[in-house]
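The values are calculated or read from the model by the stated rules, or taken from the named source; none is laboratory data. Because the structure is a prediction, the values reported are computed rather than measured. Methodologically, a virtual Cβ is constructed for each residue, glycine included, from the backbone with ideal geometry; neighbour enumeration extends over all protein chains shown. Note: accessible area is taken over every heavy atom of the protein model, side chains too, but ligands, DNA and RNA are not part of it. Shrake-Rupley method; radii C 1.70, N 1.55, O 1.52, S 1.80 Å.
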Amino acid sequence: MTRTRTIRGALVLGGLALGGLMLVPGMAAAQDEATPTYTKDVAPIFRAKCENCHRPGYIAPMSLQTYADSRPWARSIRNRVETRQMPPWHIDKSVGIQAFENDRSLTQAEIDTIVRWVDAGAPQGDLADLPPPAVFADDDVWNYAGLFGGPPDLILYSTPYTMPAVAQDAWWKPEVPTGLTEDRWIRAIEIRPSTVAGRRITHHALARLQQEEDPEDLGAASEVGPGILMEWAVGKQGEIMREGSGKLIKAGSSIVWDIHYSAVGEEITDTAELGLYLYPKGQEPKHRQVLSAWSTIEGGSDHLSIPPNAVTTTENFHVLKENGRIENYQPHMHLRGKGMQMTAILPDGSKQVLSRVSDFNFNWHNSYVYADHAAPLLPKGTVIALKSWYDNTSANRANPDPNQWVGYGDRTVDEMGHAWVNVTYMDDEDFAAAVAEREAVLTDDE
Ligand code: HEC
């Protein structure tokens, strides 16, 4: 009985998808009424969920590695974790799939612990309770070096950028050729700033693959066009393709970078590095993963019209021409973007909300990667409905000017609306096998 409940928990809440992360002792029921302390209850949470960014020299504005570092921020911490703005993970927990490979959010129990700790005056507690310091991988070593036996097969660099000490945020978009003279298949991707100083200014880095595509090859993914986005950085280290699938990178291709830099009071020059692990030649994966930019704007970009002082929604539909597995969800909007939902309308007419982000934040381009057992398997003919909400009122704190009409455009003060979604397309036989395998896994567990 208990077991079944745990398994349901995994499916519905995604609790078990966090297998690799630390369990927090403070969550035990017996502890409920005791006042949480930093050393015993809070430090383990910060170690596991915050320090990756909140340590000296990294992207976050302050360190949360010690009691002395954390104490002055107690009120702000309470506010940010309670509203689920920190850690940055903006998936709506009340609807849709909740099992993700890269979930860095806090559990409700962790939030409650932090809130009770702050409300109790943020006490330090007994030093003997302090957990060992978190161990972070050496910055020079690629994350997957251990897994694949060395550095990436191909490393590409963005053109250097110098961020002045004081400046507006910058979006740096150089195009850099890959130098490939033959087509290759990617099995894993990592992106990182080149230097430790660079980590402080690099808010996120997107690398888009630009290549000529034969529409024949793309088949079901013909909507994709040549621009295929690959990754983003900061706090999330990389992406390994699911078994049997890969991304095709072609001879003559190039990488178009989109790097968001923030000034930190000191002039810093940096590049970003894209590391690609390739399948050995002749060992092609069976399935090609392609990334779609599915627009949420009915009628196309020109039709986006956001009146001043209003909340506007747009919706658009995309038909899966082949069976597919949806690998991830990454909403893209700008400053008026408030929420985006992806719904599957199955051929039998039933509807399933796959994911919704209801507290979109332009600072954070999170890609929500579904866990193996949760990545939706959708038959051909499924309609993907994508809906965006834009809040062009003064209630939206990110809004630079609620009195402006806003249309589509590249600048941050213009708007966009699309979801970056990786889809692995499959023929009927492979799809039936994938569905059967999924059912077997889920039944086994019960
Ligand atoms: C992926 C990196 C990352 C993780 C993980 C993360 N933060 Fe942050 N945090 C940032 C960045 C960057 C900022 C500043 C920009 C922003 O507010 O979005 C920030 C801002 C904050 C602020 C606001 C500081 C201020 O100026 O008032 C608080 C508080 C905070 N984080 C607490 C936390 C806590 C607590 C955790 C863990 C439970 C956490 N963060 C996890 C990157 C991160």
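Quick notes on this one:
- Residue-level accessible surface for K338, protein heavy atoms, 1.4 Å, Å²: 90
- For V135, solvent-accessible area (1.4 Å; no DNA, RNA or ligand), Å²: 140
- Accessible area of the chain belonging to carbon and sulfur atoms, whole % at 1.4 Å probe: 52
- Our coupling estimate for the range 62-76, obtained by passing each phi through the Karplus curve with A = 6.51, B = -1.76, C = 1.60 and θ = phi - 60°, is 8, 7, 10, 8, 10, 4, 4, 5, 7, 3, x, 9, 3, 5, 5 Hz, Gly and Pro reported as x.
- Taking all protein chains together and rolling a 1.4 Å probe, E322 ends up with roughly 70 Å² accessible.
- Rounded Å value of the spacing that divides the Cα centres of the range 293-336 and the range 90-141: 32
- Note on the chain: Cα convex hull, mean projected area over all directions, 23.1 nm².
- Förster radius 22 Å - calculated FRET efficiency between V413 and D359, Cβ distance, rounded to 0.05: 0.60
- Simple point charges give the picture: +1 on the Cβ of Lys and Arg, -1 on the Cβ of Asp and Glu, and for the chain a dipole about the Cα centre of about 1100 debye.
- For the chain, the solvent-accessible area with a 1.4 angstrom probe is 46 square angstrom per residue.
- GNM flexibility winner over the chain from P72, P44, P285 (Cα, springs under 10 Å): P72
- Simple rule: put +1 on each Lys or Arg Cβ and -1 on each Asp or Glu Cβ in the range 289-446, find the dipole, and look at F362, P376, G324; the Cα lying farthest toward the positive end is F362.
- The chain, relative contact order [Cα under 8 Å, separation at least 6], %: 17
- ³J(HN,Hα) computed for each position of the range 165-175 - Karplus, 6.51 cos²θ - 1.76 cosθ + 1.60, integer Hz, glycine/proline x: 4, 10, 6, 5, 4, 10, 10, 9, 10, x, 10
- Per-residue accessible area (protein heavy atoms, 1.4 Å probe) orders L127, L180, L386, L442 as L127, L442, L180, L386, starting from the largest.
- Cross-link table K93/K387; K247/K321; K49/K247; K281/K321; K49/K93, entries beyond 22 Å C-alpha to C-alpha: K49/K247; K281/K321
- Per-peptide average of other Cβ atoms within 10 Å, ordering 160-172, 357-369 highest first: 357-369, 160-172
- Relative contact order, whole percent, for the range 290-439 stands at 41, derived from Cα pairs under 8 Å and 6 or more residues apart.
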